[in-house]
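In what follows, a structure is listed as structure tokens, so that the remarks can point back to it.
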Amino acid sequence: MAGTSLGARFYRQIKRHPGLIPMIGFIGLGMGSAALYLLRLALRSPDVCWDRKNNPEPWNRLSPNDQYKIVAAGQRFLPERKRDPVPPQLVTVLKLFRVFFPRVCY
């Protein structure tokens, strides 16, 4: 027993208890997924700063179109279109509305 390697002991236990194979597989899958997620957080997250001298605040360099989430359901990362200016007649009507109805929530 003293001269056997860890791999040989592991193999012997697996041969004795084959029901452990799925559990070992799922544990390995979970550990691998956790390692990949930590690597993704370290490399892609805007909160992580690897270079303090040249880029002290990397989160300020993100544009609204950058996708840094894993899943962005219902969001489109397209350039924003410029909005049409509000016509001056509508601005006048809104100002009059505020004067005559000051307590109305709008």
Assuming R0 = 41 Å, can you tell me the calculated FRET efficiency for the pair residue 68 and residue 27, based on Cβ-Cβ distance, to the nearest 0.05?
0.90
Taking the Cα centre of the chain as origin, sum charge times position over the Cβ atoms of Lys and Arg (+1) and Asp and Glu (-1), and report the length of that vector in debye to the nearest 20.
180
Förster-model FRET efficiency, 35 Å R0, residue 12 and residue 59, C-beta, rounded to 0.05:
0.10
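Computed from the coordinates by the stated procedures, all read-outs in this text should not be read as laboratory data. These numbers were taken from a predicted model, which means no experiment stands behind them. A quick note on method: Cβ atoms are made from the backbone with ideal geometry, for glycine too, and the neighbour counts reach across all protein chains shown.
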